Amino acid sequence: MGPVRRRRWACRDWSAARVSGPWRAFVLAAVTIAAMSSEDASAQRVAVVAKTVNTISHGSLSPGVVLIADGKIEEVRAGTETPPGYSVIDASDRIVMPGLVDAHTHYGLRNVHLTPGRFDMAESSQPFTPQADVRDALDPDDPVFDKVRGLGATTLLVLPGSSNLVSGLGWVLKNRDGGLDRMLIGSRPVLKMALGMNPKSAHGRRERSPKTRMGSSAMLRARFEEAARLVRQGEPRQAGEVDRELEVLAAAVAGEALVHIHAVRADDILTALRLMRSYGLEGSLGHVYEGYLVADEIARSGVPVVVGPKLDGWYRGRNPPRPVDVSGRLGKAGVEVSIMTDSYVPDLFLQACFAVHLGMEEEEALRAITLNPARAIGLADRVGSLEPGKDADLIVLDGEPLALSTNVVRVLIEGETVYERAATE
Amino acid sequence: MSVQRLSSWCIPVLAGMLWSGPSVGQELVPDQPAGWLVRAGTLWSDGDGFVAGGGVLLRDGRITAVGPDLEAPDDVEVIDVPDGFILPGLIEAHSQTGLHGDGVGWDTDEDTRPITADLHALDAFYAFAADVASARRSGITTLLATPGGKNLIGGSGVLIKTAPAVGDENVVRQPAVLKMSLGDEPKRTNAAPKTRMGEVALLREHLTRARKYEEDRNQAEQNGERPAVDAEFETTAALLRRELPALVQAYTTKDIANALRLSDEFGFDVILAYATQAHLIAGELARRDVPVVLASIKGLWYRYEKESFNERNAAQLLDAGVRIALQLGEGNPYGSGDLLFNAGYLLKHGLAREDALRAVTSWPAELLGVADRLGRLRPGMDGDVVVLSGPPFDPRSRVLHVFINGQRMPGE
């Protein structure tokens, strides 16, 4: 572990801002964060020369050059020539592709290296805790961030767990050093929700609602009806009337926060889609192990899904007779598919390799750990592919992306090298 | 364990398993020709690495010939896979596959008392379970099925083939190991132990009583008496006679050290399982020649001691001269039996391709003492063969054919 990093931003800052204003405070927070991160962006011009540049969005160039200025991709061009004034990173025997995006993790919330009891994923004290915020628990010094950076993960959505119907707010991080404020990139927060088993067992077992799927749907609808009414009113209520729980839900209804709904079983998936349609919620579904059973319905909804950590449709209690290529089948049905680690499996590339092993097309599998998750978290304008104007988040590989033996040898985030593989490794 | 002692309980066990129908397995495995000749573009010959172009002739349950220019006898069916790879059947050296029941409770842990040395995994192994089929489809032809890790001593483990059959043709060795477990899990399971001190004290008491049991039996035999059998100590006495090793599930160096101390004190052999911190004491393990069975990918289930998982464990142990084999591990996210894919993940963590293959074929055969029958493509070995559509560890490769005891397993 590196030296202890100073956090420049006290946790209370954003909470105070939110109390003083309505749900729009989220936007305020986002703007503040964006301003803070831009001052750190590298002003350097960098050219990365590679044997192959896989842009993900516009095919591959062999050989190819990625030109970077001020932390953004300036140009991706064929050949090996670099303009004057650029410092050159020679990856001429390497493959370059966008940094990986993991649209469902809990990194930093379960830093077991500190103490065995450091487990801050789930505020399971009540079924609705929308005001819980991962920024208040997240430990940016969790060594797992270093570990997954070396495995190519540059953009991470860190979410609360799934014990509650509404568990709280997750945020998107760039996986770099310098403390939480440098990691947060100011995109919309993501409200974590959950259907099915987890909230039922977390609360039903303690003799409180929800005990059934009927209960969980009814409770969610009741609360979101209130939130929708609040949004329709248009303006915040009088001072003293603050209901922070409701304001967060209102932010989701108003589209200022995305949602990410944990749904494993086919019926839970359909319930999630209905909820999103009823209240105009924008976002994605998570896990979707039985998504292949309702693939057409998901495709029609246009809602993206993030599959995993299990990819073969096997989960305790309901195993299909054969392993199923869940992600591949959803993709073929027209669903925008991403693959997650859930922070329980170590490696997005390993996940993509296993998806290919199950039958998914390689190109699809690579999109599922880059551009598709970027879209699912509302950040496709910044990350997920190598295109002019996007953040210069690049990884350099010593072999084919979907070979089990391939290693990430260098990682750049916004033009700055944040990882280099030691020669001895 | 002597054949007489083995048969005293093994035969009733098998007879009991057979009641549900004598030919269930045969129905699932379609009629077979007198033999098979399998040819493929590449053959894994272990000592020589990959060999271009070759075939394996299977007859009477065994490999009868291996080579580049094998002629097919008339009564033999030929399978040609020009782009394929032929491997020996994979061996998983520690597993609870087949013990989970099929959705009706789990049969892995009889966790009602901390030491259940009288139990045998064979009594729970269900050859028709979905996880056994999945392991077989993925190329595992033999596995060491043991009780889980909740008890200090879970019982004996059986080395067993994965064919859908209940007869003893599936049993390679029984009992193959005595399963022990140290660390967090036994502490959290029963009324006692509650500490590592308690763990070792309870084990020491059991081992002391087993040693006394063995002495009393020997004395009785010398006196020409018929010694009384006590199932509680039968397998442990065999452990103390070094007829089988203890397979000890332990994660931290502390628990590994406790296992080694007990093995010194009572004189028995140890194979470590999981042993996530083993690389920290690799030199000591090499000096003692204690082999380690490792998971190549950390499981999904959270527990503090498992968080010390380190992908470079395998490579570092090998470098130090420790014998290893690979297992899937609890809570494994990849493929419910896909040992080869899992082993492949260590290629990027310092393990050579050839060693990754050995760690799921010849090495587990050696450390479980069955290298004369399993783990290599050689004449005289069991007819356990796997045919892949492409190179091993290429995610696109699929298992095309699986042969167990010379029989092709049903296409799936």
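Out of A:Asp342, A:Asp393, report the one residue that is charged (D, E, K, R), at pLDDT below 95 and either open to solvent by 10 Å² or more (accessible area, probe 1.4 Å) or over 27 Å from A:Ala299 (Cα atoms) (or both).
Working: A:Asp393 fails: at pLDDT below 95.
Of the residues listed, the single one that is charged (D, E, K, R), at pLDDT below 95 and either open to solvent by 10 Å² or more (accessible area, probe 1.4 Å) or over 27 Å from A:Ala299 (Cα atoms) (or both) is A:Asp342.
Within the range B:27-54, if we keep just the residues that are closer than 19 Å to B:Arg373 by Cα and among the small types (Gly, Ala, Ser), the residue that is least open to solvent (accessible area, probe 1.4 Å) turns out to be B:Gly35. What are the pairs, 6+ residues apart or on separate chains, where a residue within the range A:90-115 that is outside any loop (DSSP other than H, G, I, E, B) has its Cβ under 7 Å from a residue that is open to solvent by 10 Å² or more (accessible area, probe 1.4 Å) and modelled with pLDDT under 95? Between residues of the range A:90-115 that are outside any loop (DSSP other than H, G, I, E, B) and residues that are open to solvent by 10 Å² or more (accessible area, probe 1.4 Å) and modelled with pLDDT under 95, the close pairs are A:His104/A:Asp342; A:Thr105/A:Asp342; A:Thr105/A:Ser343.
Out of A:Glu245, A:Glu225, one residue alone is more than 24 Å from the chain's Cα centre (by Cα) and surrounded by fewer than 21 Cβ atoms within 10 Å (Cβ to Cβ). It is A:Glu225.
Within the range A:186-215, take every residue that is in contact with a helix residue (DSSP H, G or I) (Cβ under 6 Å, 6 or more places away or on another chain) and surrounded by fewer than 24 Cβ atoms within 10 Å (Cβ to Cβ) and give me the one that is nearest to A:Thr341 (Cα to Cα). Within the range A:186-215, the match that is nearest to A:Thr341 (Cα to Cα) is A:Gly196.
Residues that are closer than 25 Å to A:Thr406 by Cα and buried (at least 19 other Cβ atoms within 10 Å of the Cβ) were ranked within the range B:387-405; the one that is farthest from the other protein chains (Cβ to nearest Cβ) is B:Val387. Condition check for A:Arg221 on (1) in contact (Cβ under 8 Å) with a residue 40 or more places away in the chain; (2) in contact with a Pro (Cβ under 8 Å, 6 or more places away or on another chain): one failure, at (2). Residues of the range B:223-239 that are outside any loop (DSSP other than H, G, I, E, B) and surrounded by fewer than 20 Cβ atoms within 10 Å (Cβ to Cβ): B:Ala231, B:Glu232. Here the range A:362-410 is the region considered, the condition is being aliphatic (A, V, I, L, M) and over 22 Å from A:Pro309 (Cβ atoms), and the residue that is nearest to the chain's Cα centre (by Cα) is A:Ala380.
Applying the criterion of being at the interface with chain A (Cβ under 9 Å from one of its Cβ atoms) and of a type in the set (Asp, Glu) to the residues of the range B:306-343, the residue that is farthest from A:Val356 (Cα to Cα) is B:Glu307. Take the conditions (1) away from chain A (no Cβ under 11 Å); (2) free of Cβ contacts under 8 Å to residues at least 40 places away in the same chain; B:Gly299 misses just one of them, which is (1). In summary, A:Glu362 fulfils each of the numbered conditions (1) over 23 Å from A:Leu159 (Cα atoms); (2) touching a Pro at 6+ places or on another chain (Cβ under 7 Å); (3) of a type in the set (Asp, Glu) with the single exception of condition (2). In summary, B:Asn310 fulfils each of the numbered conditions (1) surrounded by fewer than 23 Cβ atoms within 10 Å (Cβ to Cβ); (2) assigned to a helix (DSSP H, G or I); (3) touching a Ser or Thr at 6+ places or on another chain (Cβ under 8 Å) with the single exception of condition (2). Taking the range A:260-363 as the region of interest, the helices (runs of 4 or more DSSP H) fully inside it that hold 3 or more residues being more than 14 Å from chain B (Cβ to nearest Cβ) are A:266-279, A:295-301, A:326-332. Here is the figure for the range B:344-368: residues that are under 18 Å from B:Phe85 (Cα atoms), buried (at least 21 other Cβ atoms within 10 Å of the Cβ) and within 9 Å of another protein chain (Cβ to nearest Cβ) total 1. Within the option set B:Gly331, B:Gly299, B:Gly380, B:Gly321, being over 23 Å from B:Ser397 (Cβ atoms), touching a strand residue (DSSP E or B) at 6+ places or on another chain (Cβ under 7 Å) and surrounded by fewer than 22 Cβ atoms within 10 Å (Cβ to Cβ) holds for one residue only, B:Gly380. What's the number of the only condition in (1) in the same structural domain as B:Ile160 (by TED's automatic domain parsing); (2) open to solvent by 10 Å² or more (accessible area, probe 1.4 Å); (3) in contact with a Ser or Thr (Cβ under 9 Å, 6 or more places away or on another chain); (4) at pLDDT below 90 that B:Thr97 fails to meet? Here B:Thr97 clears every test but (4). For the range A:39-69, name all the residues that are at pLDDT 95 or above, of a type outside the set (A, V, I, L, M) and surrounded by 14 or more Cβ atoms within 10 Å (Cβ to Cβ). Hits for the range A:39-69 are A:Arg45, A:Lys51, A:Thr52, A:Asn54, A:Thr55, A:Ser57, A:Ser60, A:Pro63, A:Gly64. Residues that are buried (at least 24 other Cβ atoms within 10 Å of the Cβ) and modelled with pLDDT under 95: does the range A:158-168 have at least one? Checking the range A:158-168: at least one residue is buried (at least 24 other Cβ atoms within 10 Å of the Cβ) and modelled with pLDDT under 95. Restricted to the range B:103-222, the set of helices (runs of 4 or more DSSP H) holding at least 2 residues that are more than 14 Å from every other protein chain (Cβ to nearest Cβ) and open to solvent by less than 10 Å² (accessible area, probe 1.4 Å) comprises B:196-222. State whether one or more residues within the range A:117-125 are more than 14 Å from chain B (Cβ to nearest Cβ), modelled with pLDDT under 95 and open to solvent by 40 Å² or more (accessible area, probe 1.4 Å). Yes: one or more hits. Remark: B:Asp83 falls outside the filter, which requires a residue to be open to solvent by 10 Å² or more (accessible area, probe 1.4 Å) and in contact with a helix residue (DSSP H, G or I) (Cβ under 8 Å, 6 or more places away or on another chain).
The values are calculated or read from the model by the stated rules, or taken from the named source; none is laboratory data. For clarity, every value in this text was computed on a predicted model and none was experimentally measured. FYI the Cβ positions are ideal-geometry reconstructions off the backbone, even for glycines, and counts take in every protein chain you see. Ligands, DNA and RNA are excluded from the accessible area calculation, which covers all protein heavy atoms including side chains. Shrake-Rupley method; radii C 1.70, N 1.55, O 1.52, S 1.80 Å.
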